[in-house]
Every structure is written in C-alpha cells, then in structure tokens.
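The values are calculated or read from the model by the stated rules, or taken from the named source; none is laboratory data. Quantities reported herein were computed from a predicted structural model and do not represent experimental measurements. Quick reminder, even Gly has a Cβ in these numbers, built from the backbone with ideal geometry, and neighbours come from all protein chains shown. Ligands, DNA and RNA are excluded from the accessible area calculation, which covers all protein heavy atoms including side chains. Shrake-Rupley method; radii C 1.70, N 1.55, O 1.52, S 1.80 Å.
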Amino acid sequence: KAGVTQTPRYLIKTRGQQVTLSCSPISGHRSVSWYQQTPGQGLQFLFEYFSETQRNKGNFPGRFSGRQFSNSRSEMNVSTLELGDSALYLCASSPLTGAGDTQYFGPGTRLTVL
Amino acid sequence: AQSVTQLDSQVPVFEEAPVELRCNYSSSVSVYLFWYVQYPNQGLQLLLKYLSGSTLVKGINGFEAEFNKSQTSFHLRKPSVHISDTAEYFCAVSDLGGSYIPTFGRGTSLIVHP
C-alpha cells in the first residue's frame with residue numbers, strides 16, 4: 001500500500017497570508033490527525049478527523065482549521081500567518097479508532113513564514 | 001491527562017555500543033505506550049508498542065523496550081547501535097478508554113559516532 005502523502009513538501013509564505021496543506025491517508029484509513037513540530041515545542045497535536053467529522057482538537061487558535069473529505073483526504077488551513085507558525089506539519093492516519101492504534105505519518109510539509 | 005518525559009534531549013554513542021533512551025510517563029489510568037523514530041526529512045515511524053501482556057516488547061531494527069508499571073517507565077534499548085540508527089526518537093502514551101490521541105515526548109536525538 002502507498003504510504004501517507006503530503007503536499008506540498010515545502011512552502012514559503014509571508015506574514016498575513018493564508019496556506020492550505022493537503023494529506024492523503026493510507027487507503028482504508030479513516031482517521032487523520034495533524035501535528036505541528038517545532039524545535040522548541042516538539043510535536044503538538046492540532047486536530048483529528050474521522051469520517052469527515054472533527055473528533056479531537058488540540059490547543060491551537062482558531063486560525064488553524066481543517067476538514068476531511070469523503071475519500072478521507074484531509075486539508076488543514078492556517079489563516080493570517082505569523083512568524084511562529086513556521087514549523088514542520090505532519091499528518092498521520094490510522095485504520096481504527098482505538099487508543100492502541102499505530103499512527104502512520106507522512107513526510108510532512110515544511111512551512112516557512114517570512 | 002497523560003504526560004511523557006524523555007529525560008535526555010541528546011544521547012551520543014559510539015557505533016556498536018549499547019544504548020538506552022529513557023522515557024517516563026504520568027497517567028491516572030492504564031496506558032498504551034509507543035516508541036517512534038524520525039529520520040532526517042521524514043515523518044515518524046513506529047518502532048514498537050506496548051498494549052498488554054509481556055512487559056518486554058521487541059520492535060524493528062533490533063530495538064526493544066521494557067514496560068515498568070511501578071516506575072512508570074518505558075525505556076528503549078539496543079545492544080549494539082549502527083551509524084544508521086542516528087535519528088530522533090519519540091516516546092508516546094495514550095490512555096485506555098480515554099482520548100486515543102497519543103501524547104508525545106519532546107524527543108531524544110540519538111547520535112551514533114563511528
């Protein structure tokens with residue numbers, strides 16, 4: 001099976017702009033989670049979608065939003081970008097909904113905000 | 001709510017030497033425990049996980065970890081490391097019956113020297 005894919009891999013934006021990142025999960029996986037990874041804060045959970053519904057949300061401002069489509073593909077959007085939004089954004093998919101599930105990560109999108 | 005502490009941010013070691021990466025967790029309920037590895041410019045990949053049963057868990061690439069409930073620890077070990085093991089290692093925990101979104105530690109950078 002193909003792994004989790006994320007597009008684009010690299011992105012450069014300026015403050016105040018908005019950005020949309022895309023994630024295609026492993027075929028058959030219905031849960032998609034998004035994480036922000038920075039050197040200072042480590043890996044922080046943004047939100048999780050299952051069957052087009054947001055089920056869990058981390059502690060991020062409303063500028064961060066997401067959605068999931070009927071084919072399980074997911075997008076996240078960041079509006080009014082700030083310098084502190086520069087990070088590696090990781091998407092992960094999992095097949096079921098249990099706490100013991102393995103998360104399968106994509107390679108990430110490296111966002112740089114200038 | 002659960003939390004994870006990875007006691008060492010960086011562990012340098014020589015090739016063929018043994019290594020232990022430490023992880024302690026805090027949770028008021030029973031947990032599932034994971035170790036993930038992140039190679040440069042890649043997403044995270046599962047090394048091993050503890051769900052139940054034997055407290056000694058064997059994973060990929062010769063790694064193993066031992067769950068110690070009384071010490072609330074889940075340390076990762078390898079008897080002989082290779083240059084190719086140089087990577088970032090993350091410990092993660094999720095609560096049984098609670099939010100199944102795992103909480104990740106800050107990561108430990110394993111640097112293997114020739």
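Within the shell of other residues whose beta carbon sits under 11 angstrom from the beta carbon of B:Leu110, the net charge comes to -3, with Lys and Arg scored +1 and Asp and Glu -1. Shape annotation for segment A:25-114: C-alpha extents along the principal axes are 37, 22, 21 Å, from largest to smallest. Of the trypsin sites (Lys or Arg not before Pro) found in segment B:1-82, those that fall in a DSSP loop while having at most 14 other beta-carbon atoms within 10 Å are B:Lys69. Of the chymotrypsin sites (Phe, Trp or Tyr not before Pro) found in segment A:53-97, those in coil by DSSP whose Cβ has at most 14 other Cβ atoms within 10 Å are A:Phe69. Solvent-accessible surface of segment A:1-65, averaged per residue with a 1.4 angstrom probe and all protein chains in place: 52 square angstrom. Apolar share of the accessible surface for segment B:7-81: 48 percent from carbon plus sulfur atoms, 1.4 Å probe.
Go through B:Phe104, B:Phe14 and list them by solvent-accessible area, largest first, probe radius 1.4 Å.
Sorted descending by solvent-accessible area, the residues read B:Phe14, B:Phe104.
Rounded to the nearest 20 debye, the dipole magnitude of chain B is 260 debye, with +1 charges on Lys and Arg beta carbons, -1 on Asp and Glu beta carbons, and the Cα centre as origin.
Accessible surface computed residue by residue for chain B, with neighbouring protein chains in place and a 1.4 Å probe, gives 48 Å² per residue.
Between A:Leu11 and B:Gln42, the FRET efficiency from the beta-carbon distance, with R0 = 30 Å, is close to 0.95. Once C-alpha pairs closer than 8 Å and six or more residues apart are averaged by separation and normalised to the residue number of chain B, the relative contact order reads 37 percent. The separation of segment A:1-76 from segment B:50-79, counted between C-alpha centres, amounts to 30 Å.
Chains A and B together bury some 1700 Å² of accessible area, summed over both sides, with a 1.4 Å probe. In whole angstrom, chain B maps to an equivalent ellipsoid with semi-axes of 24, 14, 12, each derived as √(5λ) from the alpha carbon gyration tensor and ordered largest first.
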